[in-house]
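Working notes for the structure below.
Each reported figure results from applying straightforward, stated rules to the coordinates on display, with no laboratory input. Quick caveat: nothing in here was measured; it's all calculated off a predicted structure. No Cβ is skipped: glycine too gets one built from the backbone with ideal geometry, and neighbour counts run over all protein chains shown.
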Amino acid sequence: MPPTLNQQEIVSRARAAFMGLAVGDALGAPVEFMTSGEIRAKYGILREIVGGGWLRLKPGQVTDDTEMSLCMARAIVAAGGWSLRGIAEEFAGWLRTKPVDVGDTCRRGIRNFMLKGALETPFNEWDAGNGAAMRMLPAALYTLGDDNLLRQCALEQARITHNHPLSDAACITLGRLVHLAIAGASKNRLRREADSLIAGYPTFSFTPYHGLASGYVVDTVQTVLHHFFRGRTFEECLVSTVNQGGDADTTGAICGMVAGAFYGMDEIPQRWLKKMDRKTLDEISDLSERLIAISMALRE
C-alpha cells in the first residue's frame, strides 16, 4: 500500500467496498431476471432499494452474493488467516440454513465438499458462472498489497465451486481492481488493469458493450466494467448497472464492491444504507476492520 494512506483510510475504503457490495446486491435483487425494458416499464429508472422481485425480498434484504462474502470473511477472521477448509465449512453451514437464493453451481460445489470433503471441484466447461467472482471481496481485503497471495486465494476460494479459466481470470482481476481502488489509484489505472484482462482473454472486451448481463461471468464482468468506467459517482455506477437487468443482484454487488473501494464511504447514499439491515451492516463494518488488521499483520 502507498505510504500516503494510513490504516484508518484503508479500513474506511475496505468498509465502503463491503457495504457497497451489500447495497448493490439489495438494490439489484428485486430486478434480477428482468430485462432492461421490463425494468423501465415497471420503475422508469430503479433508484431506490424497494424489495420484492421473484424472491419476494424485504427492502434492504441481501442474497447469496453478500451472504457468501460474509461466510468467507467470518472464516478468515476466525482462523486469523487463510483457511480454505474454514471457508468451505462456512459455506456448508450457510447452505444448511436453506438460504433465500443459491446458484446451482455453488450448491453443487458446496454439497461436494459436504459429502466428500472436496475443496476443489473438478473442471467443468459449463461452470463459467459468476458465483465465485461475486464473493471475491474478503479474499481481496485479506491479500491487500500481495498480488501473489491474491492470486492463490482467489483461485482456491473460486474452485470450491467454480473451476473454469474465465471464472479464475475474473476473480483475480476483480481482486486487483479492489486493491488498486483501496490504494487510491485513478480510474485510468484501473482501466489499464481491465485492459490487461482483455489482452489475456479477449472475450471480456466490453467496447462496444452488448448489453448482456446474464450469470455468465463474461457478461457479468463486461456489465460491471462498462458501467463502472462510464459512471461519475458511486450512485450513478450502481443505478446504471442494476437497470441493465439480468443477474442484477450480482452485477450490482460486484460493481458496488469496486465502486465502494474507489469512491469511499461518503459517496454511498445514506438513503440506501438506512434501508439495509443494521445487524448486517454492523457485521460488515466489524469484519472489514478485522480483515485489514489481519492483512496488515501479515505484511509486517
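A few comments on the model shown:
- Flag if Thr63 is buried (at least 19 other Cβ atoms within 10 Å of the Cβ), polar (S, T, N, Q) and either under 20 Å from Cys255 (Cα atoms) or without any contact (Cβ under 8 Å) to a residue 40 or more places away in the chain (or both): yes
- As a summary of the residue check, Ala170 satisfies the conditions (1) touching a Lys or Arg at 6+ places or on another chain (Cβ under 6 Å); (2) crowded, with 24+ Cβ neighbours inside 10 Å except for the one numbered (1).
- Screening the stretch 1-92 for helices (runs of 4 or more DSSP H) wholly inside it with 2 or more residues that are β-branched (Val, Ile, Thr) returns the ranges 7-28, 64-79.
- Extreme residue, surrounded by the fewest Cβ atoms within 10 Å (Cβ to Cβ), among residues of the stretch 116-158 that are touching a helix residue (DSSP H, G or I) at 6+ places or on another chain (Cβ under 8 Å) and among the basic types (Lys, Arg): Arg151
- Looking only at residues in the stretch 202-218 that are in a helix (DSSP H, G or I) and in contact (Cβ under 8 Å) with a residue 60 or more places away in the chain, the one that is surrounded by the fewest Cβ atoms within 10 Å (Cβ to Cβ) is Val218.
- Within the stretch 182-234, the set of residues being touching a helix residue (DSSP H, G or I) at 6+ places or on another chain (Cβ under 7 Å) and of a type in the set (Phe, Trp, Tyr) comprises Tyr201, Phe204, Phe206, Tyr209, Phe228, Phe229, Phe234.
- Single residue of the stretch 70-98 satisfying the filter (small (Gly, Ala, Ser) and touching a Phe, Trp or Tyr at 6+ places or on another chain (Cβ under 9 Å)) that is nearest to Ala253 (Cα to Cα): Ala73
- Pairs with Cβ under 6 Å, 6+ apart, first in the stretch 128-140 and on the phi < 0 side of the Ramachandran plot and outside any loop (DSSP other than H, G, I, E, B), second surrounded by fewer than 24 Cβ atoms within 10 Å (Cβ to Cβ) and not β-branched (Val, Ile, Thr): Gly129/Gly215
- Summed over the stretch 226-265, residues that are small (Gly, Ala, Ser), under 19 Å from Tyr209 (Cβ atoms), in contact (Cβ under 8 Å) with a residue 60 or more places away in the chain and not in a helix (DSSP H, G or I) total 2.
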